[in-house]
Amino acid sequence: MSGRKIVHVDMDAFYASVEQRDNPELRGQPVVVAWRGKRSVVCAASYEARRFGVRSAMAATHAERLCPQAVFVPPDFIRYRAVSRAVREIYLRHTDLIEPLSLDEAYLDVTENKTGIATATKVASTIRQQIREELNLTASAGVAPNKFLAKIASDWRKPNGLFVIQPAEVEDFLRTLPVGRIPGVGKVTEQKLAVLGLRLVGELRARSLEELETRFGRYGQRLYELARGIDENPVVPNRPTQSISAEDTFENDVLLSETEPMIRRLAEKTWEASRNESRIARTVVLKLKTAEFRILTRSLTAPCPPASCDELTQIALSLRDKVHLNSSQRFRLVGVGLGNFRDPREHTEASLFG
């Protein structure tokens, strides 16, 4: 083992929990964070809703059938990002080595921590306590020698749980773990492993590297290593943002000429989300999906990046004018995005010497 101490923190039913925290009437209710409509999908479900089988990424209409009494709440990502930043501020009290995976989960390397807390377990416990006391939310955490095991551990006692895998316990822990719990093992790979009689990680460990590489290509080596609890991937802080976007699927298909209100609303969301970025986005992207599921994108990398929400909106609308399809063509989705992020100094230098 590497000797590292990794914590994976996963906020419990994050979006739904924020809604229940901020609206007392929702507490104890089966809350589904989603827009209503036949094309909407569930962003999050409270644990009360999950008891009915409601899950993230499920069609909202299916969720409504499973739980007719569900309270649907439209997502408010600006608010969720603000809470996520507050959670990150708590992490930063303990370590600078933080790798966010999404708004609601992150890896922390606490091999050395800022507060001098004796063990990684106590660091994780302190973080969970601070989140609970200061933000009135709960988080689950896993502590392990590497990222692979820490992520599995954080899910072990959800919600509001803490699970620790000590280095000496790794082999016993993995022996009876279903192979489907390994990252990257989806249903297809799980079925292929089952055909070989491999349903538990302990059974997978008995196979040679050569056999796994023959059957699964490059991923075979990863399977071989993970079956032995080996994961040398470090916690990588401050991964640069590649893109920021917002999109919307319409309940009913619309004509291109009818998309202006949606583009304006999505541009506003995208602009608001980009305000936390220290870097400048040079490229504006408009995404459209036709009624036949064909995806179209139009983009513009301007000499001067958009300096306001209004500029972003105008560029996005101008990109719409570059879509040349039959006027009767209908669309089911539109999105507005920012990409090609650069350090502000790069843009200044380009302006001076370009």
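Looking at 191, 130, just one residue is more than 18 Å from residue 4 (Cα to Cα) and in contact (Cβ under 8 Å) with a residue 24 or more places away in the chain, and that residue is 130. Scanning region 191-215 for residues that are closer than 16 Å to residue 174 by Cα and not aliphatic (A, V, I, L, M), we see that the one that is surrounded by the fewest Cβ atoms within 10 Å (Cβ to Cβ) is 199. Restricting the first member to region 27-38 and to residues that are outside any loop (DSSP other than H, G, I, E, B), and the second to residues that are crowded, with 18+ Cβ neighbours inside 10 Å and among the polar types (S, T, N, Q), the beta-carbon pairs closer than 7 Å and six or more apart or on different chains are 31/20; 31/46. For residue 31, are the conditions met, namely being buried (at least 22 other Cβ atoms within 10 Å of the Cβ) and either in contact with a helix residue (DSSP H, G or I) (Cβ under 7 Å, 6 or more places away or on another chain) or of a type outside the set (Ser, Thr, Tyr) (or both)? Yes: the conditions hold for residue 31. What are the residue pairs meeting all of these: first residue in region 74-101, first residue more than 27 Å from residue 249 (Cα to Cα), second residue exposed (fewer than 13 other Cβ atoms within 10 Å of the Cβ), Cβ atoms under 6 Å, and 6 or more apart or on different chains? Filtered contacts from region 74-101: 94/114; 94/115; 99/236.
Let's see how each residue does on (1) within 19 Å of the chain's Cα centre (by Cα); (2) part of a helix (DSSP H, G or I); (3) assigned by TED's automatic domain parsing to the domain that holds residue 150; (4) closer than 21 Å to residue 145 by Cβ:
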| site | (1), (2), (3), (4) |
| --- | --- |
| 52 | no, no, no, no |
| 57 | yes, no, no, no |
| 68 | no, no, no, no |
| 83 | yes, yes, yes, no |
| 88 | yes, yes, yes, no |
| 96 | no, no, yes, yes |
| 99 | yes, no, yes, yes |
| 107 | yes, no, yes, yes |
| 113 | no, no, yes, yes |
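Residues that are closer than 21 Å to residue 313 by Cα and small (Gly, Ala, Ser) were ranked within region 332-351; the one that is modelled with the lowest pLDDT is 339.
To keep it simple, each residue is scored yes or no on (1) modelled with pLDDT under 95; (2) more than 20 Å from the chain's Cα centre (by Cα); (3) assigned to a helix (DSSP H, G or I).
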{"residue": "129", "(1), (2), (3)": "no, yes, yes"}
{"residue": "132", "(1), (2), (3)": "no, yes, yes"}
{"residue": "137", "(1), (2), (3)": "no, no, no"}
{"residue": "140", "(1), (2), (3)": "no, no, no"}
{"residue": "149", "(1), (2), (3)": "no, no, yes"}
{"residue": "153", "(1), (2), (3)": "no, no, yes"}
{"residue": "156", "(1), (2), (3)": "yes, no, no"}
{"residue": "163", "(1), (2), (3)": "no, yes, no"}
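From the list 280, 263, the lone residue that is in contact with a helix residue (DSSP H, G or I) (Cβ under 9 Å, 6 or more places away or on another chain), farther than 30 Å from residue 37 by Cβ and in the same structural domain as residue 327 (by TED's automatic domain parsing) is 280. Out of the residues in region 216-252 that are of a type in the set (Gly, Ala, Ser) and either touching a residue at least 12 places away in the same chain (Cβ under 8 Å) or in contact with a strand residue (DSSP E or B) (Cβ under 8 Å, 6 or more places away or on another chain) (or both), state the one that is surrounded by the fewest Cβ atoms within 10 Å (Cβ to Cβ). So the residue we want is 243.
The values are calculated or read from the model by the stated rules, or taken from the named source; none is laboratory data. A quick note: this is a predicted structure, and the numbers were derived from the prediction, not measured. Here the Cβ is made from the backbone with ideal geometry for all residues, glycine too, and neighbour counts use every protein chain on show.
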